Amino acid sequence: MKFWQKSLVSLALAASMSPMAMAKTVETVASFSVLADIVKQVGGEHVNVSTLVGPDGDPHTFEPAPKDSVTIKQADVVFVSGLGLEGWMARLVNASGYQGEVITASQGVDTREMKEDGEVMTDPHAWNSAHNGAIYARNVMNALINADPEDAEYFKQQGEAYIQKLDKLNQWAKQAFAKVPAEKRKVLTSHDAFGYFGQEYGVKFLSPVGFSTESEASANEVGRLINQLKEEQIAVYFIENQTNPRLVQQIASASGAKNGGELYPEALSEKGGKADTYAHAFKHNVETMLASMQ
């Protein structure tokens, strides 16, 4: 073998043994787009993320397809939000034959209760508080470190930087809403997805249906809500990107409320949109609500 040929072989062997060449890519599946982005932000270049419920998709009404079982079976780690959000997930995982761990990203969140059709249940929308978003990120970070210990330092750096970013967003939102008089911190939305947001930032939310977009409001409930809107002088309503705006628009019309824009409580926008990451969606929601309270 000639000298130049030996040199090429040596270079190829060196490249194949380099840390970059040996770096592992963790194959992950996330139940919906918000959680998928958190996994991507923490995992960076060492993860591939497949999303079951994509941008503008509704995690309450999602119906899995056969291809979703295949996606899960091929995963190293599966992430769910938990707290009853993904009622379809357990059956899908069982049907897929997936043998790995299912990570509940909301583990450790201080949960809140809500009423749905007269029953008390856990509110599943924990990520809508950036404080809780940081808890999700830490759980994701720990799960990725466990799945790929060789890249632990990378995941720790990525994760801690992202957690700091969410902590700053949380403090910014608290300070911004604190400047608004309490009587103005009231919002009408399509369904009850902002309970943790309201609890964290002192905002009162009203909605015609409960925590799930599958719920339906009765005529009496709608009538009471219209009266409440008038009594509390709520002049602005918001639609949500993943829900049908018809009912909230009817209520707003009857109460005299005006359209304040679109919020993103359960699904991100398409890539390049105003809410294409969790951080962008949170910031957009805060700024859009604040603009209606002036």
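At a glance:
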item: Cα-projected label distance for LYS165 with ASN94, points at 7 Å along beta-carbon direction, nm; result: 3.8 nm
item: Long pairs among LYS186/LYS271; LYS156/LYS274; LYS40/LYS283; LYS179/LYS258; LYS115/LYS204; LYS115/LYS283, criterion Cα-Cα beyond 21 Å; result: LYS186/LYS271; LYS156/LYS274; LYS179/LYS258; LYS115/LYS283
item: Hydrodynamic radius (Kirkwood) for region 55-110, which is based on Cα pairs only, to one decimal in Å; result: 12.1 Å
item: Counted charge near TYR154, where neighbours are those whose Cβ lies closer than 10 Å (Asp, Glu -1; Lys, Arg +1); result: -4
item: Residues in region 170-186 reached by a label modelled at LYS274 [backbone nitrogen below 12 Å; 7 Å Cα→Cβ]; result: none
item: Efficiency of FRET from Cβ geometry, LYS204 and ALA152, R₀ 30 Å, rounded to 0.05; result: 0.10
item: Sequence ranges 176-184, 103-111, ranked by mean other-Cβ count within 10 angstrom, highest first; result: 103-111, 176-184
item: Proximal charge balance of GLY100 [Cβ under 11 Å; K/R count +1, D/E count -1]; result: -2
item: Counted charge near ILE163, where neighbours are those whose Cβ lies closer than 11 Å (Asp, Glu -1; Lys, Arg +1); result: +2
item: Full-stretch length increase - LYS67, GLU113 - with 0.36 nm per residue and alpha-carbon distance subtracted; result: 13.1 nm
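FYI, it's all coordinate maths here, none of it is from the lab. Only a predicted model underlies this, so the values are computations on that prediction, with no experimental measurement involved. Here the Cβ is made from the backbone with ideal geometry for all residues, glycine too, and neighbour counts use every protein chain on show.
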